[in-house]
Amino acid sequence: MDTLERVPIATPFSVGRVNCYLFTEEGLTVVDPGPATNESYEELRTALARIDSRIADVDRVLITHPHMDHFGLAGRIVEESGARVFAHEDAAAQLSDPIGYFETEQRFFEPFLLSMGMPADTVDTVLELPEPYTNYQDPVTVTDELAEGNVVDIGVDLECISTPGHAPGSICYNAVAEDAMLTGDHVLPEITPNPLLTLVPGTDDERTRSLPTYLESLRTVLAMDVSVGYGGHGDPMPDLQVPIRETISHHQDRKERIAGLVADDEPATAYELMKTMFPDLPATEMFPGMSEVIGHLDLLEDEDRVAIEESDGVKRYVLETTDDVPRSDE
């Protein structure tokens, strides 16, 4: 898109830089400004200076999803500019109180992870590890809540495509006239996004079935047959269909590998399966690892290929005996 400028912004996370996008028609629009760090602020300020603009000139902030490496700086921008903030309606509550949301998730996932077979001391460590990173996000009020099919006019008409899975409230912004799409972290080049377990929007006692939801969202975008993708990290994707198909294929292969680890005579917990799948996984990566394994177990459960047995509050997975179960993932 000729009206778009990509600005890779530094983050303190292992994923590296996040792509911030600038549009200068119909005012100044910033998409995913980055985390709430002074380094990110200065990099954005410098990028705006190159186009003779300032933070105070920002008219709109568009957010693709409520992860702090994407939205964390938005609150500071709004303080200086009074910009309107656009995000999916399912992300609004988390964006307005990210710390409260994190604490609610901690309360929910403590008993949940115990029920998945994770030892209590490991649960404590896994849930406490992200706490220092919560400083990289400021609360921000969403002034314009978006839903599937809404169109945002920023000089280019951006159609909102709801793509939950990697995160609740994930949006892809489809520039129909340009045959291009801002994909956030829904589709990335050379990275398979992790559909993290989280709370169902509007609840404090129900977890998402993130991977089945994510694959459904991928197929939605695949069916749209958009040519070019601009992701939240990495270079533009000149053929958006390719990474989508590769990601679907990756999860199909991973699902079958996990199915091969589930025995028909010795039920196993999700934690045991994760340790077998990823034997050297550090504690910092255990929640994504559990999200990965549980997501594929959700897929296998949907296909009636695994059953769940529960005793003493702990759930274990065992192969289902149903004949002629499906094994394809179109």
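Out of curiosity, is ALA83 touching a residue at least 24 places away in the same chain (Cβ under 8 Å), out of contact with any Lys or Arg (no Cβ under 9 Å at 6 or more places or on another chain) and within 30 Å of ASP153 (Cα to Cα)?
Working: touching a residue at least 24 places away in the same chain (Cβ under 8 Å): yes; out of contact with any Lys or Arg (no Cβ under 9 Å at 6 or more places or on another chain): no; within 30 Å of ASP153 (Cα to Cα): yes.
No; evaluated as a whole, the condition is false for this residue.
In segment 155-196, which residue that is among the small types (Gly, Ala, Ser) and within 10 Å of the chain's Cα centre (by Cα) is nearest to GLU292 (Cα to Cα)?
Filtering segment 155-196 for residues that are among the small types (Gly, Ala, Ser) and within 10 Å of the chain's Cα centre (by Cα), the one nearest to GLU292 (Cα to Cα) comes out as GLY165.
Going by what's in this entry, would HIS186 be described as part of a loop (DSSP other than H, G, I, E, B), in contact with a Cys (Cβ under 7 Å, 6 or more places away or on another chain) and either touching a residue at least 40 places away in the same chain (Cβ under 8 Å) or not acidic (Asp, Glu) (or both)?
Yes.
In the set ALA263, ALA283, which member is more than 29 Å from LEU129 (Cβ to Cβ) and at pLDDT below 95?
ALA263
So which of LEU48, LEU129 is hydrophobic (A, V, I, L, M, F, W, C), farther than 23 Å from ASP185 by Cα and surrounded by fewer than 23 Cβ atoms within 10 Å (Cβ to Cβ)?
On the way: LEU129 fails: farther than 23 Å from ASP185 by Cα.
Answer to the check: LEU48.
Considering only residues that are among the β-branched types (Val, Ile, Thr), more than 20 Å from ILE161 (Cα to Cα) and without any contact (Cβ under 8 Å) to a residue 60 or more places away in the chain, which ones fall in segment 189-228? Please lay out each step first, then the result.
Looking only at segment 189-228, we keep the residues that are among the β-branched types (Val, Ile, Thr), and these are 191-192, 198, 200, 203, 208, 213, 220-221, 226, 228.
Those left that are additionally more than 20 Å from ILE161 (Cα to Cα): 191, 198, 203.
Matches in segment 189-228: THR203 only.
Are there strands (runs of 3 or more DSSP E) fully within segment 132-173 with at least 2 residues that are at pLDDT 95 or above and β-branched (Val, Ile, Thr)? List them.
151-153
Of these, VAL293, VAL314, VAL306, which one is under 18 Å from the mean Cα position of the chain (by Cα) and at pLDDT 95 or above?
Numbers: VAL314 fails: under 18 Å from the mean Cα position of the chain (by Cα); VAL306 fails: under 18 Å from the mean Cα position of the chain (by Cα).
Sole residue among the options that is under 18 Å from the mean Cα position of the chain (by Cα) and at pLDDT 95 or above: VAL293.
Which of the residues that make up segment 263-322 are part of a loop (DSSP other than H, G, I, E, B) and of a type in the set (A, V, I, L, M)?
ALA263, LEU281
For segment 88-127, name all the residues that are within 20 Å of the chain's Cα centre (by Cα) and acidic (Asp, Glu).
GLU89, ASP90, ASP97, GLU103, GLU105
Determine which member of the set ILE9, ILE63 is surrounded by 20 or more Cβ atoms within 10 Å (Cβ to Cβ), aliphatic (A, V, I, L, M), in contact with a helix residue (DSSP H, G or I) (Cβ under 7 Å, 6 or more places away or on another chain) and within 12 Å of VAL140 (Cα to Cα).
None of the others qualify; the one that does is ILE63.
The values are calculated or read from the model by the stated rules, or taken from the named source; none is laboratory data. Model, not experiment: these values are computed from the prediction. Please note: Cβ atoms are built from the backbone with ideal geometry, for glycine as well, and neighbour counts cover all protein chains shown.
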